[in-house]
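Peer 1: I have a structure here, written as structure tokens, and I will follow up with some questions on it.
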Amino acid sequence: MKIIYTKNYDEMSKKACELVVKQINEKKNSILGLATGSTPLGLYEKLIKEYKNGLDFSEISTYNLDEYIGLSEDNDQSYNYFMNENLFKHINVNKENINIPSGINNPEKEIDDYENKIRDIGGVDLQILGLGSNGHIAFNEPSEELNAKTSIVELTESTIKANSRFFEKESDVPTKAISMGIGTIFTAKKIIILISGKNKEQATDYLLNSNKISTNWPVSLLQLHQDTTVIIDESSVGVK
Ligand code: F6R
């Protein structure tokens, strides 16, 4: 794992943006794996600026990590909606090249179809990840066993609580989601994980300092991936 410390959120986003731009410049039809949540918002803002300055997204494809079950694309809490609002509608990505699991189709069929799509393309070129305060990546929640493939997952209480900040009330947060599995994520040729937020310290400490791999800290498995870069916002995560 390569670890990059940046002095604040803006610098973290800037560094991530540089790496995504490099990827697109090297391969115009790059396949990007994308995440939702607060952490990558700065990166997406910067990518929109790059588009305005001439970066061409017309040949790229995207695959998102996850989606809540029960929320349709036009529900403003769905990840489909989030991605459109915060990135896709501002750049020239081809709609046909956007892939996000559907939260309202038959979930059992959806997980198989989504997994097969990712396996068929041979994995994404560059996967962006955020980190859950409990150590989750995508919605692979801490547990004795983790899913290898795209699956239907039950969200933990701590994730529901953390994500309730986007909803009117906690009981509105869906309890289930479709999420890429750890094996699906590991088909990515490169991974960048962005870490920002005080509540991420314990998980970051486990990742950087424990010298252990544990399914109770799913992020720790990234130590086994061949090309992972961790970009840390030092102003909020004081862990070295
Ligand atoms: C989002 C995702 C999640 C988030 C994580 C951190 O698609 O898969 O794992 O990356 O929950 O969320 P934020 O960035 O809001 O702290």
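The values are calculated or read from the model by the stated rules, or taken from the named source; none is laboratory data. Since we're looking at a predicted model, the values are computed, not measured. Don't worry about glycine lacking a Cβ; one is built from the backbone with ideal geometry, like all the others, and counts go over all protein chains shown.
Peer 1: Among the numbered criteria (1) surrounded by 21 or more Cβ atoms within 10 Å (Cβ to Cβ); (2) touching a Leu at 6+ places or on another chain (Cβ under 9 Å); (3) part of a loop (DSSP other than H, G, I, E, B), which single criterion is violated by L146?
Peer 2: (1)
Peer 1: Same structure again: Considering only segment 149-169, state which residues are away from the ligand (no atom under 11 Å from the Cβ) and touching a Leu at 6+ places or on another chain (Cβ under 9 Å).
Peer 2: Passing the criteria: none in range.
Peer 1: Of the residues S164, S214, which is at pLDDT below 95 and touching a helix residue (DSSP H, G or I) at 6+ places or on another chain (Cβ under 6 Å)?
Peer 2: S164
Peer 1: While we're looking at this one, here's another question. Kindly evaluate E45 against the criterion of being farther than 20 Å from M180 by Cα, of a type in the set (D, E) and within 16 Å of the ligand (Cβ to nearest atom). Please lay out each step first, then the result.
Peer 2: Numbers: farther than 20 Å from M180 by Cα: yes; of a type in the set (D, E): yes; within 16 Å of the ligand (Cβ to nearest atom): yes.
Answer is yes for this residue.
Results for (1) assigned to a strand (DSSP E or B); (2) touching a strand residue (DSSP E or B) at 6+ places or on another chain (Cβ under 7 Å); (3) surrounded by fewer than 19 Cβ atoms within 10 Å (Cβ to Cβ), shown as yes or no for each residue.
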| position | (1), (2), (3) |
| --- | --- |
| P174 | no, yes, yes |
| I185 | no, yes, no |
| A188 | no, yes, no |
| I192 | yes, yes, no |
| N199 | no, no, yes |
| Q202 | no, no, yes |
| K212 | no, no, yes |
| L221 | no, no, no |
| I231 | yes, yes, no |
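Peer 1: Which one of G135, G103 is on the phi > 0 side of the Ramachandran plot, within 16 Å of the ligand (Cβ to nearest atom) and among the small types (G, A, S)?
Peer 2: G135
Peer 1: Go through (1) polar (S, T, N, Q); (2) surrounded by 15 or more Cβ atoms within 10 Å (Cβ to Cβ); (3) within 16 Å of the ligand (Cβ to nearest atom); (4) under 25 Å from D233 (Cβ atoms) and name the single condition N80 misses.
Peer 2: Here N80 clears every test but (4).
Peer 1: Got at least one residue in segment 53-71 being at pLDDT 95 or above, within 16 Å of the ligand (Cβ to nearest atom), under 22 Å from Q226 (Cα atoms) and assigned to a loop (DSSP other than H, G, I, E, B)?
Peer 2: Yes - at least one qualifying residue is present in segment 53-71.
Peer 1: Please name all residue pairs, on different chains or six or more residues apart, with Cβ atoms under 8 Å, provided the first residue is in segment 195-217 and is more than 16 Å from S133 (Cβ to Cβ) and the second residue is surrounded by fewer than 19 Cβ atoms within 10 Å (Cβ to Cβ) and of a type in the set (A, V, I, L, M).
Peer 2: Filtered contacts from segment 195-217: N209/V239; I213/L224.
Peer 1: Hey, among the residues in segment 135-169 that are under 15 Å from the mean Cα position of the chain (by Cα) and not hydrophobic (A, V, I, L, M, F, W, C), which one's farthest from P107 (Cα to Cα)?
Peer 2: G135
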